[in-house]
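The values are calculated or read from the model by the stated rules, or taken from the named source; none is laboratory data. Here the structure is a predicted model, which is why all the values come from computation and not from measurement. Counting neighbours? That spans all protein chains shown, and the Cβs are built from the backbone with ideal geometry, glycine included. Only protein heavy atoms, including side chains, enter the accessible area calculation; ligands, DNA and RNA are left aside. Shrake-Rupley method; radii C 1.70, N 1.55, O 1.52, S 1.80 Å.
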Amino acid sequence: MTSLAELHDVARQRLAPEHYDYFAGGAGDEVALADNERSFRRLALLPRILPGSATRDLAVRLPGAEASMPVFVSPTAFHRLAHPDGELATARAVAAAGTVLIASMAATVAIGDIAAAAREVDPGATLWFQLYLQTDREVTDLLVRRAADAGCSALVVTVDSPVFGRHERDRQHGFTDLPDGLFAENMRDLPGGPRNIEMSPALSWADLDRLRESTSLPMLLKGVLHPEDAHLAVEHGMDGILVSNHGGRQLDAAPAPVDVLPRIVEVVGGRVPVLLDGGVRRGTDVAIALALGATAVGIGRPVLWGLAAAGESGVRQVLELLREEFDDALALCGGRRLADLTRDLVTVRGPEGGKW
Ligand code: HOC
């Protein structure tokens, strides 16, 4: 495979249409979904020359993690729809790549088993746990304990889903439930029996404060797009911000994360790392996001395409392709270190070559 797009094509052929569309689709008219990728294409990198070094350092420090490159795996649900090994394969591949997996609360393998699979490959593998805050505090606390017991080194609290996005592709397929034998395992054996992930507009900053006080785990807030919310997140004790529109699956009128990134970076002012996901498909996208101030970027769907195409090996290919492409992009920009990717390198495409 020579690109993530090729793996996507293979995955599209392999997956059942309703499962492909569940993963590929977005909300409403899929404007946000399309814009996530398109926004990167509107930007250009203005390379520097003659860097004077033949080697480059891609490693990055993140909350509770050292990653071998500034690319991590964002949470996506139900990996066993893509491949029978599901999140176990994903975890092994991400551990082999030396980067961070944010395990989805809606995983089809329990967090303890995901962690064990990652640690078979690398005892020091880093996992973060995605948490949808639940109005039932006991459930939230139990999930946090399980994440901590599994050795997760941070929580990624997803707050962009007060209601579930309107996925019209799923409605057209009548795809409302997992097939027999598959479960959202983290939600299956809760006291009182299996339950769905609750999405509730009743949740507020006060619930986040309570969660913050309940654990010493580093905590990142995922789904931040408004600069004022980024500021509030820092004020409420978050250790990082993940700028994300949930892969275009929630508010269809939401902006592309890369378009709001510069303002959020400005407001956060270096107090905590700012991460981004949404639309990253090339190493040059990684370079653009870092130049605009992101500390690292997440990928979601490409991992599912790799998984569907070739299981663990497919996910490894996705991560290694992105690593190589990003390393090339850094070299072609005249950079040696991540810090060499600075905002002056990013322009808007076109004859004006406008700076951000
Ligand atoms: C039924 C609960 O993030 C998505 C996922 C949602 C996971 C919760 C599913 O489809 O965007």
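Counting just the residues of the range 78-113 that are in a loop (DSSP other than H, G, I, E, B) and polar (S, T, N, Q), which one comes out farthest from the ligand (Cβ to nearest atom)?
Taking the range 78-113 first, the residues in a loop (DSSP other than H, G, I, E, B) are 78, 82-85, 98-100, 104-110.
If we keep only those that are polar (S, T, N, Q) as well, we get 99, 104, 108.
Details: 99: 20, 104: 7, 108: 11 Å.
Ranking the candidates gives 99 first.
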Just one listed residue, out of 213, 235, 228, is closer than 22 Å to residue 163 by Cα and at pLDDT 95 or above, and it is 228
Residue 156 meets each of (1) buried (at least 22 other Cβ atoms within 10 Å of the Cβ); (2) outside any strand (DSSP E or B); (3) of a type in the set (A, V, I, L, M) with one exception, condition (2)
Turns out the strands (runs of 3 or more DSSP E) fully within the range 252-356 with at least 3 residues that are among the β-branched types (Val, Ile, Thr) are 346-348
Residue pairs qualifying under the 9 Å Cβ cut-off, at least six apart or on distinct chains, with the first in the range 209-227 being of a type in the set (Asp, Glu) and the second being open to solvent by 10 Å² or more (accessible area, probe 1.4 Å), are 209/236; 209/237; 213/237
- Query: Does the range 44-58 contain any residue that is open to solvent by less than 10 Å² (accessible area, probe 1.4 Å) and in contact with a Gly (Cβ under 6 Å, 6 or more places away or on another chain)?
  - Reply: no
Those residues of the range 18-46 that are more than 16 Å from the ligand (Cβ to nearest atom), over 16 Å from residue 246 (Cβ atoms) and over 19 Å from the mean Cα position of the chain (by Cα) come to a total of 6
When residue 266 is run through (1) free of Cβ contacts under 8 Å to residues at least 60 places away in the same chain; (2) closer than 30 Å to residue 169 by Cα, the failure sits at (2)
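Across the range 159-172, which residue is surrounded by the fewest Cβ atoms within 10 Å (Cβ to Cβ) among those that are within 14 Å of the ligand (Cβ to nearest atom) and outside any loop (DSSP other than H, G, I, E, B)? Break it down stepwise before answering.
Within the range 159-172, the subset within 14 Å of the ligand (Cβ to nearest atom) is 159-171.
Among the residues that remain, those that are also outside any loop (DSSP other than H, G, I, E, B) are: 168-171.
On the way: 168: 15, 169: 18, 170: 16, 171: 11.
Selected residue: 171.
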Taking the range 246-261 and keeping residues charged (D, E, K, R) and within 16 Å of the ligand (Cβ to nearest atom) leaves 249, 252
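The rows are residues; the columns are (1) open to solvent by less than 10 Å² (accessible area, probe 1.4 Å); (2) of a type in the set (Phe, Trp, Tyr).
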{"site": "72", "(1), (2)": "yes, yes"}
{"site": "78", "(1), (2)": "no, yes"}
{"site": "83", "(1), (2)": "no, no"}
{"site": "119", "(1), (2)": "no, no"}
{"site": "143", "(1), (2)": "yes, no"}
{"site": "147", "(1), (2)": "yes, no"}
{"site": "174", "(1), (2)": "no, no"}
{"site": "178", "(1), (2)": "no, no"}
